[in-house]
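K.L.:
Below: one structure in structure tokens.
Derivation of every value follows stated rules applied to the coordinates shown; laboratory data play no part. Quick caveat, the model's predicted, so the values are computed rather than measured. Don't worry about glycine lacking a Cβ; one is built from the backbone with ideal geometry, like all the others, and counts go over all protein chains shown.
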Amino acid sequence: MDTHTEKFKVRLGLFIIGGLALFVLAIFIIGKQQNLFNPVFKLSATFRNVSGLQVGNNVRFTGINVGTVDNIKIINDSTVWVD
């Protein structure tokens, strides 16, 4: 009877450890897809000409996609603010 209890404790411990491992793995997979673990910073700039630019367009730095356009505001007749 005592060995049955020990087997049960071992199985229960393995089940809990396996469940926690799956939980941590799921958090990392979801976090990687949502970029939760990457450093993020927001840039804003003003431009005189943004013809063709739309919200959602990719932002490129030296040919590499580094972000997206979130917002475009017209400040006055000659200046546009881009987030």
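K.L.:
Taking Ile17, is it surrounded by 10 or more Cβ atoms within 10 Å (Cβ to Cβ), in a strand (DSSP E or B) and not charged (D, E, K, R)? Show your work before the answer.
P.N.:
Numbers: surrounded by 10 or more Cβ atoms within 10 Å (Cβ to Cβ): yes; in a strand (DSSP E or B): no; not charged (D, E, K, R): yes.
The answer is no for Ile17.
K.L.:
Which members of the stretch 41-70 meet the condition of being surrounded by 10 or more Cβ atoms within 10 Å (Cβ to Cβ) and of a type outside the set (A, V, I, L, M)?
P.N.:
Ser44, Thr46, Phe47, Asn57, Asn58, Arg60, Gly67, Thr68, Asp70
K.L.:
Among the residues of the stretch 26-49, how many are farther than 26 Å from Lys73 by Cβ and either out of contact with any helix residue (DSSP H, G or I) (no Cβ under 6 Å at 6 or more places or on another chain) or of a type in the set (Gly, Ala, Ser) (or both)? I'd like the intermediate steps shown before the answer.
P.N.:
Step one: filter the stretch 26-49 for residues farther than 26 Å from Lys73 by Cβ, giving 26-34, 36-38.
Right, trim to either out of contact with any helix residue (DSSP H, G or I) (no Cβ under 6 Å at 6 or more places or on another chain) or of a type in the set (Gly, Ala, Ser) (or both) and you get 26-34, 36, 38.
So the count comes out to 11.
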